[in-house]
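Shown next, in structure tokens, is the structure this report addresses.
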Protein chains: 2
Amino acid sequence: MSVTAAKGFSASGVAAGLKSNGGPDVALVVNDGPSHAAAAVFTSNRCKANPVLWSEEAIKSGSAVAVVINSGGANCYTGPEGFATTHHTAETVATALGIGAIDVQVCSTGLIGLLNDRDALLSGVHAALAARSTDGGAAAATAIMTTDTVAKESVSHGDGWTVGGMAKGAGMLAPALATMLVVVTTDADVDADTANAALRSATAQTFDRLDSDGCQSTNDTVLLMASGASGIKPDAAAFTEAVTAVCRDLAMQLLADAEGADHEIAIEVVNAASVDDALEVGRSVARSNLFKCAIFGKDPNWGRILASVGTTQAAFDPANLDVALNNVWVCRNSGPGESPDSIDLSQRAVSVTIDLKSGSATGTIWTNDLTQAYVHENSAYSS
Amino acid sequence: MSVTAAKGFSASGVAAGLKSNGGPDVALVVNDGPSHAAAAVFTSNRCKANPVLWSEEAIKSGSAVAVVINSGGANCYTGPEGFATTHHTAETVATALGIGAIDVQVCSTGLIGLLNDRDALLSGVHAALAARSTDGGAAAATAIMTTDTVAKESVSHGDGWTVGGMAKGAGMLAPALATMLVVVTTDADVDADTANAALRSATAQTFDRLDSDGCQSTNDTVLLMASGASGIKPDAAAFTEAVTAVCRDLAMQLLADAEGADHEIAIEVVNAASVDDALEVGRSVARSNLFKCAIFGKDPNWGRILASVGTTQAAFDPANLDVALNNVWVCRNSGPGESPDSIDLSQRAVSVTIDLKSGSATGTIWTNDLTQAYVHENSAYSS
């Protein structure tokens, strides 16, 4: 159900021939109202894809009636021709729905640096418009997949209202494929400011803490659309919580489907002077290829963790750090602690805990290990 | 010859049983004078190994008579016991030479988090003291190797004076093995300030621009010792140039010997607003696993380069970047340029040129590709 779990939404997914395998590659989600509040968060990469350039401007109205997403081509680094394709895509949806193009969000995913086949794409958009239905969520979630092995959907229920969502991608594990796209829908009656605040809070707690390989995509988009169809105005905190729950669930599905990964690793930094410090330390460890290789090799190599912590500006005493792997405190006071012999790194889930002993803030970054399969998939991929 | 190429130096390399393979693992280089000016540059990692903690303090005098280096154990994250081992090592050399311990630099390389066998190490130090000779440079260069496949030595001649050096490591490709150690010697008659200025200039232009995997070691040390034995006081610029030449040669040897790498990649950033901007952009690309995997796969994937450039704060117009691979301008104005079909990435040497069109500064970062062999070596390594 995902994006059509909430009332007031129709969706579809069709095959337009953009994907070489002939699979579905154009998804459409339409907010049938009565209201159209929307908010979005985009990649912070300065080199953005054309659909991001379009959607960033369009969302400034605080409203969106539809989002059209194509896989099979990221429309990134394709110049004015590529931007024109995005514009035509939005216009096509707008004309069919009798709205302005500015009310249409556009996302693309797939290879970068290559122009999409505009005619094929626009034919697909027409087909998606014709196919949309109130139970089309699963079809849409399938049509946005690239290297994903499973479609990613989530639903959270409030008191008489619903939040649903779909996602594609694997953290940043395949940015050449244009990475992470997320559409969240709700029938709660919220205004644009409430939607925006909830979405920013949710992404900061979830997708922003997913750091699969430190690379930052050109196409990342997280969109929230609210139809108001439930007629219920939820408490802002409850609404934020429901949006966060859907985003967290989708983030964990992205992590679990990371290409070529053997492990999902939660790096929790505790007793930090600030949340920013905790996240800086967690991100630094998550970006250490040596640490990530060690986990792939099932090696409880806490020295590589400390070496990464040491590259940050966070507040801590270098001689007084503790590190646990799967809750075994293998490093105490920056030296050897408990024996790592009991640590079993054969399971997919691995936890790292780093105690900075410098405050009371906590933050967790999720990442994957670095495997030979990762290198294979990201080197053999033909561009 | 390397560290004994310049007059006034004796060196040795002996087997002390620290390495499991029984190979030479203790190196000694002694400055027999008449002068003892010295300078050093250490890792900027805040979590430093014990020998770095020692040597950083000792070098503040601007003088060093000897450096003792062990492989087979990094003495890192080993607490007060480990620091005591470093101290004993320095004292042992000092007593034998009739100098103060503060005049002895200590370096260690090998596994981290494990205490070295102090008795074996000190026996090795005694043996190294007994074995030193004015043609012991090659033995010393061999004794500092860990996963290096070849010993790394270099010599540069001035007008009546000489600079020589040895190095171990592979950029940051094996920080669990404590990475990069460099000893440069000269018989030029320079004071500590001149030595310090020359070394900092040289490392900034060479080792600091080597970024194999973005990881930063806990033990990195680059040491320069001047004996004055030539009796010649060179021009500061000529001296800096000679030190830089030796450092550059050693840096390129480190890059070429990077574990598991198939390619050496020079990332030159041109027309940057500042050298800092150029280096920030180069480093960002050098740290992109996706870019590094693409080069391993011989894939001229310029989109991954642009995506990395976009994550920096450097001055540029995201819509107006040019990128060349092996001098073919595959990206013009942030869109497709010349056909990449003629690009041959089968050679080890790969050049990337990024034109920021925002100034006149240039900077180059050297890195390696990311290979399945890298993952294997850094995951299978037992700690």
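Values quoted throughout were computed directly from the atomic coordinates according to the rules given, and no laboratory measurement underlies them. Being a predicted model, the structure only gives us computed values, none of them experimental. A quick note on method: Cβ atoms are made from the backbone with ideal geometry, for glycine too, and the neighbour counts reach across all protein chains shown.
Points worth noting:
- For A:VAL275, inter-copy separations between label points set 7 Å beyond Cα along the Cβ vector come to 4.0 nm, shortest first.
- In this simple spin-label approximation, B:ASP191 and A:LYS298 carry label points 7 Å from Cα along the Cα→Cβ vector, and these lie 6.1 nm apart.
- The label-point distance for B:GLU91 and A:ASP119, in a model that sets each label 7 Å from Cα toward Cβ, rounds to 8.6 nm.
- Kirkwood-type hydrodynamic radius, the range B:264-380: 14.1 Å, calculated from all non-identical alpha-carbon pairs.
- Centroid-to-centroid separation of the range A:80-159 and the range B:179-234 [C-alpha atoms, Å]: 57
- Here the Debye sum runs over all C-alpha atoms of the range B:320-368 as equal scatterers in vacuum, and log10 of I(q)/I(0) at q = 0.19 Å⁻¹ comes out as -0.67.
- The slack in the chain from B:ALA204 to B:ALA380, taken as 0.36 nm per residue of separation less the alpha-carbon distance, amounts to 60.1 nm.
- The mean count of C-beta atoms from other chains within 10 Å of the C-beta of residues in B:41-51, rounded to a whole number, is 4.
- Nearest-0.05 FRET efficiency for B:ASP344 and B:ASP135, computed from C-beta distance (R0 60 Å): 0.90
- One way to sum up the overall shape of the protein assembly as shown is the equivalent ellipsoid from its Cα gyration tensor, whose semi-axes run 54, 28, 20 Å, largest first.
- Listed by Cβ neighbour count within 10 Å, with the fewest neighbours leading, A:THR142, B:THR134, A:THR185 appear as B:THR134, A:THR142, A:THR185.
- Cut-off 15 Å between beta-carbons: net charge of the residues surrounding B:ALA151, Lys and Arg +1, Asp and Glu -1: -3
- With contributions of -39500 (n - 2.57) from each DSSP H run of at least four residues, the per-residue ellipticity at 222 nm computed over the protein assembly as shown stands at -10000 deg cm²/dmol.
- Cα-based helix-to-principal-axis angle, B:118-131 vs chain B, degrees rounded to 10: 80
- Inter-copy label distances at B:ASP135, shortest first and taken from points set 7 Å along Cα to Cβ: 8.9 nm.
- Electrostatic bookkeeping for A:SER227 treats Lys and Arg as +1 and Asp and Glu as -1; over the other residues with beta carbon under 12 Å from its beta carbon, the sum is -2.
- Ratio of the Cα radius of gyration of chain A to 2.2 N^0.38 Å, where N counts its residues: 1.02
- Folded to 0 to 90 degrees: helix A:236-256 orientation relative to chain A principal axis, Cα: 70
- Per-residue Cβ neighbour counts within 10 Å put B:LEU224, B:LEU181 in the sequence B:LEU181, B:LEU224, beginning with the fewest.
- Peptide B:111-122 - average C-beta neighbours from other chains (10 Å radius): 2
- A:ASP355, A:ASP135 arranged by Cβ crowding within 10 Å, fewest neighbours leading: A:ASP135, A:ASP355
- Remark: mean inter-chain Cβ contacts per residue of A:298-306 equal 6, using a 10 Å Cβ-Cβ cutoff to other protein chain atoms.
- Applying 1/(1 + (r/R0)^6) with R0 = 56 Å to the Cβ-Cβ distance of B:GLU57 and B:ALA315 gives a FRET efficiency near 0.90.
- Using alpha-carbon coordinates, inclination of helix B:192-205 to the longest axis of chain B, degrees: 30
- Axis between B and A by rotation; chain B residue with nearest Cβ and distance in whole Å recorded as B:GLN372, 2.
- Förster-model FRET efficiency, 45 Å R0, B:ALA238 and B:ASN21, C-beta, rounded to 0.05: 0.60
- Each copy carries a label point for B:GLN205 at 7 Å from Cα toward Cβ; from one copy, the others' points are 5.4 nm away, ordered from shortest.
- Reachable lysines from B:LYS152, criterion Cα separation under 18 angstrom, eight or more residues apart if same chain: B:LYS168
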